[in-house]
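**Q** The structure under discussion is supplied below as structure tokens; questions concerning it will follow.
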Amino acid sequence: MESFTLESISRDTILINNVKMGKNIKYFSFVNLYGCTIGDDTKIGTFVEIQKNAIIGKRCKISSHTFICEGVHIGNDVFIGHGVIFTNDKNPRASINGQPITDQWTLAETYIEDNVSIGSNATILCGIRIHQGAVIGAGAVVTKDVPAGVTVVGNPAHIL
């Protein structure tokens, strides 16, 4: 895997900083990728952010308007629909008594195994595992582990 930095091409439409990229990666304008790892033959849509220490496997498709935060590990051959959001803190707060919180969060890692499909606008809460071959319905809010090969839908997500 090659690691490189490419900063601010065409008036800040692309920011790629300290990214380990496999071969044949395709990405489109308005991406923000930093400190992450992206496997071979992966496609990344417009308006996608992938944060530091996130890992994306081989042959994945990350659709537009998706946010993949630190601590998310995505396997191979995973489809992520438009507008999917991942979280990485079980107790997020912006402030205590009006003061910003800068050091009181705990990273909770999330694991997406191989051959998973996540529908558009799903929200994946942190600290869970979506097992191989699972399908997450569009708009689902995944709050706990998803068994292999099942389809989940709804808020909170439940097995269909």
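**Q** Limited to segment 82-100, what total is found for residues that are assigned to a loop (DSSP other than H, G, I, E, B) and either among the polar types (S, T, N, Q) or touching a Lys or Arg at 6+ places or on another chain (Cβ under 9 Å) (or both)?
**A** 4
**Q** Residue 123 fails exactly one of the following numbered conditions: (1) under 19 Å from residue 28 (Cα atoms); (2) touching a strand residue (DSSP E or B) at 6+ places or on another chain (Cβ under 8 Å). What is the number of that condition?
**A** Every condition holds for residue 123 apart from (1).
**Q** What is the one condition in (1) surrounded by fewer than 20 Cβ atoms within 10 Å (Cβ to Cβ); (2) touching a residue at least 12 places away in the same chain (Cβ under 8 Å) that residue 54 does not satisfy?
**A** For residue 54, the failing item is (1).
**Q** In segment 138-153, what count of residues is obtained for those that are farther than 16 Å from residue 83 by Cα and part of a loop (DSSP other than H, G, I, E, B)?
**A** 7
**Q** Then there's this: Looking at the structure I just gave you, is residue 134 closer than 21 Å to residue 39 by Cβ, small (Gly, Ala, Ser) and either out of contact with any Pro (no Cβ under 6 Å at 6 or more places or on another chain) or surrounded by 16 or more Cβ atoms within 10 Å (Cβ to Cβ) (or both)?
**A** Spelling it out, residue 134 is indeed closer than 21 Å to residue 39 by Cβ, small (Gly, Ala, Ser) and either out of contact with any Pro (no Cβ under 6 Å at 6 or more places or on another chain) or surrounded by 16 or more Cβ atoms within 10 Å (Cβ to Cβ) (or both).
**Q** Next question. Among the listed residues 39, 127, which satisfies the condition of being at positive phi and crowded, with 16+ Cβ neighbours inside 10 Å?
**A** Testing whether each residue is at positive phi and crowded, with 16+ Cβ neighbours inside 10 Å leaves just 127.
**Q** Return the pair list, or none, for Cβ contacts closer than 6 Å from residues in segment 71-82 that are under 26 Å from residue 105 (Cα atoms) to residues that are of a type in the set (A, V, I, L, M) and in a loop (DSSP other than H, G, I, E, B), at least 6 apart or on different chains.
**A** From segment 71-82, the pairs are 71/107; 72/54.
Matching residues to (1) at pLDDT below 95; (2) β-branched (Val, Ile, Thr); (3) over 18 Å from residue 145 (Cα atoms):
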position: 63; (1), (2), (3): no, no, yes
position: 72; (1), (2), (3): no, yes, no
position: 75; (1), (2), (3): no, no, no
position: 85; (1), (2), (3): no, yes, no
position: 92; (1), (2), (3): yes, no, yes
position: 103; (1), (2), (3): yes, no, yes
position: 108; (1), (2), (3): yes, no, no
position: 111; (1), (2), (3): no, no, no
position: 114; (1), (2), (3): no, no, no
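The values are calculated or read from the model by the stated rules, or taken from the named source; none is laboratory data. Fair warning: this is a prediction, and the values are worked out from it, not measured in the lab. Positions of Cβ are generated from backbone atoms using ideal geometry, with glycine treated the same way; all protein chains shown enter the neighbour counts.
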